[in-house]
Amino acid sequence: MAAAQTGGALGRGGLIAAALAIVAIVALFVGARYGLLLAIGLGFGVALEGLRFGFAGPWRAMILRRDPAGILAQLLAIGLVAIVAFPLLATHGAELSGAAAPIGWAMAGGAFVFGMCMQIVLGCGSGTLVNAGSGNPVSLLALPFFAVGSFAGSYNLLWWTDLGSLPILVLEGGRGLAITVVLLLAVAAVLMLLAAPGTRMPSGRLLVAAVAVAALALANLVVGGQPWGVVYGLGLWAAKAASTLGMDLSASGFWAAPNNAARLGQSVLTDVTSLTNLGIVAGAFGVAAWRVGGLSQPIPKLPARAWAATVVAGFLLGYSSRLAFGCNVGAFFSGISTGSLHGWVWFAMAFPGAALGVWLRPILGLEARR
Amino acid sequence: MTRRMTAFLAVAGLAAMVALDVAGAPPNPYQAPPMLALGSGVAASGGFCGALPN
């Protein structure tokens, strides 16, 4: 017993030491900002996995059981970020940028498809990273296809936006913040009205998680100069792989653009979203390894069609999130919290998509056999 | 098989990707931007999901 406890303490001490060492190495050999961003990503991974704060699961809970607790926690986190981010963006607009993107046909359709697919695999942008890090085999399989899909979606992005887009619409300043907070409260009120009797408000754990995620998102903005995002980094990984394998990316308006073309020649350790993505996977792995029995769960027995559905849904998660100008993180969380109206449209389109995905999940064999 | 194997595969796969990437494009810490974007006076230029290429 004592030996097991000593071993556990050594293992946990090793996890902390490894995390600190990796952050220090990146800070020293890549740059202090990049080390900090990796640390922020680790914090996201620890908060999301350790405090069980997610996006796909709470949406599923609302759709199936009319339990709004998890979504209310999401709205709280978004509101907390908005209260700080709006003034920061107003006073430091030259140094910081919001998640501003245009509303359009492809954007709306992409959000619907993303909402559907995130329920099929039960993993959103951040959730797929967290779940892969904690050993969920469905997310582990979906992740590389998510990256390839993100690359493919960005490759064709301009064709899709040419189908029709509005100018970028952003809520700004004190009035913009007030409108955002009122809208968040209105959505929360609707969720409470729809809630099943006996469903609770967010637990203390979820409230702590919401504050932690909001603080980390603000740190991301202050350190990286941009809001928390996921899918750009995944697309960049696949784009770099495609380029290494000899694919000519100059035919893509997206990857031929100077900023993106330059990024292809730079290390992923200098890319903001890549660093936080890596940190999320590593942080979730650390939490799973830290927990007693956290990695000892058996792999679920799923039929072949479930694995095939995971591959297709993983690809579509990536492709659709590029068309939608972000996933649940870049569009929903960061879009709304920095005033971009596309974040609200994303939410309105992704939620019915999620309802369809909840219905499709058992049909596709993704409810594990017992 | 347990999650120990799949979690290890996830971390090992990403570590291998980063190692290959760093070997192909070694970062230069002397060209790194200021530690914090806020107050740096430097415009944000990182890639983001919502950014259009223009």
**Request:** Could you list all residues from region B:9-54 that are of a type in the set (Phe, Trp, Tyr) and either assigned to a helix (DSSP H, G or I) or more than 7 Å from chain A (Cβ to nearest Cβ) (or both)?
**Result:** B:30
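Would you kindly identify the helices (runs of 4 or more DSSP H) lying entirely within region A:256-370 that contain at least 3 residues that are away from chain B (no Cβ under 13 Å) and over 18 Å from the mean Cα position of the chain (by Cα)? Don't jump to the end; show me each part of the working.
Details: elements: A:258-264, A:272-290, A:304-323, A:334-337, A:341-363.
By residue number, A:304-323, A:341-363.
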**Asked** Do we have residue A:27 as assigned to a helix (DSSP H, G or I), farther than 17 Å from residue A:344 by Cα, open to solvent by 30 Å² or more (accessible area, probe 1.4 Å) and within 12 Å of chain B (Cβ to nearest Cβ) here?
**Response** yes
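Checking the conditions here, which among B:34, B:26 is without any contact (Cβ under 8 Å) to a residue 12 or more places away in the chain and exposed (fewer than 13 other Cβ atoms within 10 Å of the Cβ)?
Going through B:34, B:26 in turn, just one is without any contact (Cβ under 8 Å) to a residue 12 or more places away in the chain and exposed (fewer than 13 other Cβ atoms within 10 Å of the Cβ): B:26.
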**Message:** Can you say whether residue B:42 is at pLDDT 95 or above, among the β-branched types (Val, Ile, Thr) and open to solvent by 30 Å² or more (accessible area, probe 1.4 Å), as far as the supplied structure shows?
**Reply:** no
**Fill in**
Within region A:206-242, the count of residues that are assigned to a helix (DSSP H, G or I) and closer than 13 Å to residue A:154 by Cβ comes to 11
**Complete:** Given (1) free of Cβ contacts under 8 Å to residues at least 60 places away in the same chain; (2) closer than 30 Å to residue B:51 by Cβ; (3) among the β-branched types (Val, Ile, Thr), residue A:363 misses just (2)
**Asked** Just one of A:47, A:100, A:111, A:77 is touching a strand residue (DSSP E or B) at 6+ places or on another chain (Cβ under 7 Å) and surrounded by 20 or more Cβ atoms within 10 Å (Cβ to Cβ); which is it?
**Response** A:100
**Prompt:** In this structure, is residue A:35 open to solvent by less than 40 Å² (accessible area, probe 1.4 Å), within 14 Å of chain B (Cβ to nearest Cβ) and without any contact (Cβ under 8 Å) to a residue 24 or more places away in the chain?
**Reply:** yes
**Prompt:** Residues in region A:240-256: is at least one within 25 Å of residue A:23 (Cβ to Cβ) and surrounded by 23 or more Cβ atoms within 10 Å (Cβ to Cβ)?
**Reply:** yes
**Request:** From A:129, A:96, A:177, grab the single residue that is part of a loop (DSSP other than H, G, I, E, B) and in contact (Cβ under 8 Å) with a residue 60 or more places away in the chain.
**Result:** A:96
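Would you confirm, using the coordinates I've provided, whether residue A:223 is of a type in the set (Val, Ile, Thr) and in contact with a Leu (Cβ under 6 Å, 6 or more places away or on another chain)? Break it down into steps so the answer makes sense when it comes.
On the way: of a type in the set (Val, Ile, Thr): yes; in contact with a Leu (Cβ under 6 Å, 6 or more places away or on another chain): yes.
So residue A:223 passes the test.
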**Request:** For residues that are more than 15 Å from the chain's Cα centre (by Cα) and charged (D, E, K, R), scanning just region A:50-74, find the one that is most open to solvent (accessible area, probe 1.4 Å).
**Result:** A:65
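The values are calculated or read from the model by the stated rules, or taken from the named source; none is laboratory data. Bear in mind that the values here come from a model prediction, so they are computed numbers and not experimental data. All Cβ positions, even for glycine, are placed from backbone atoms using ideal geometry, and neighbour counts span all protein chains on display. Just the protein is used for accessible areas: all its heavy atoms, side chains included, with ligands, DNA and RNA removed. Shrake-Rupley method; radii C 1.70, N 1.55, O 1.52, S 1.80 Å.
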